[in-house]
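The values are calculated or read from the model by the stated rules, or taken from the named source; none is laboratory data. It should be emphasised that the depicted structure is a prediction, and the values quoted were computed from it without experimental measurement. For neighbour counting, all protein chains shown are included, and Cβ atoms are generated from backbone atoms with ideal geometry for every residue, glycine included. Only protein heavy atoms, including side chains, enter the accessible area calculation; ligands, DNA and RNA are left aside. Shrake-Rupley method; radii C 1.70, N 1.55, O 1.52, S 1.80 Å.
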Amino acid sequence: MDETARPRRLSAVGPSGFTAEDLMVRVAKGDERAFEQLYDVLAGPIFGLVRRIVRDVAQSEEVAQEVLVELWRTATRYSPAKGSALNWAMTLAHRRAVDRVRSARASTDREQKATFEAARGRPFDEVAESVTARLERSQVRRCLDHLTELQRESVLLAYYQGYTYREVAEVLATPQGTIKTRLRDGLIRLRDCLGVGS
């Protein structure tokens with residue numbers, strides 16, 4: 001196959017003349033200036049893709065920011081031999097955006113189900129429920145403070161932000177087995193702190 005017939009890979013070049021691939025390699029070495037340049041190159045395309053999927057501007061900004069943070073944290077996993085930095089970033093953005101949409105749908109479904117249950121005439125004391133929920137949240141926060149920092153990070157990502165084991169491992173740049181152990185140990189400590197039966 002001659003070189004002119006070969007399909008071109010998507011790539012992006014920053015104002016410094018470095019390609020996104022060059023910048024990713026430098027970011028993997030901890031170069032903050034390279035990350036600033038990479039941010040300038042990729043933030044627009046990432047936000048555009050996320051915005052088309054999520055639709056809500058504020059949530060799209062939030063998801064795009066999460067993707068850019070993930071790029072910083074997982075830059076060492078990027079390999080120019082496997083594809084362009086732009087394609088890699090867009091794949092991460094697409095996955096995060098779809099996850100956000102699914103999470104929003106699940107939340108809406110739960111709210112609708114709760115509304116339906118309430119409409120069926122089930123007795124409900126709003127003040128008591130509100131006080132109980134506030135006390136439970138306070139107790140959970142207190143118990144989270146008793147976890148190690150690594151356990152707390154893992155639990156918050158997995159159970160409050162909806163990440164899978166694999167995604168938590170990617171975000172924290174830690175082996176998946178270690179994440180599972182952290183989560184198990186953290187949940188056991190939470191259960192004991194909250195006084196929940198096993």
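List of remarks:
- For the range 87-103, the tally of residues that are of a type in the set (A, V, I, L, M, F, W, C) and open to solvent by less than 20 Å² (accessible area, probe 1.4 Å) stands at 4.
- Considering the conditions (1) loosely packed, with under 10 Cβ neighbours inside 10 Å; (2) at pLDDT 90 or above, Thr74 is excluded by exactly one of them, (1).
- Across the range 72-118, the qualifying residues are those that are more than 21 Å from the chain's Cα centre (by Cα) and touching a residue at least 12 places away in the same chain (Cβ under 8 Å), and the one among them that is farthest from Pro45 (Cα to Cα) is Pro80.
- Here Ala114 passes the criteria (1) open to solvent by less than 90 Å² (accessible area, probe 1.4 Å); (2) modelled with pLDDT of 80 or more; (3) closer than 21 Å to Ser103 by Cβ except the one numbered (2).
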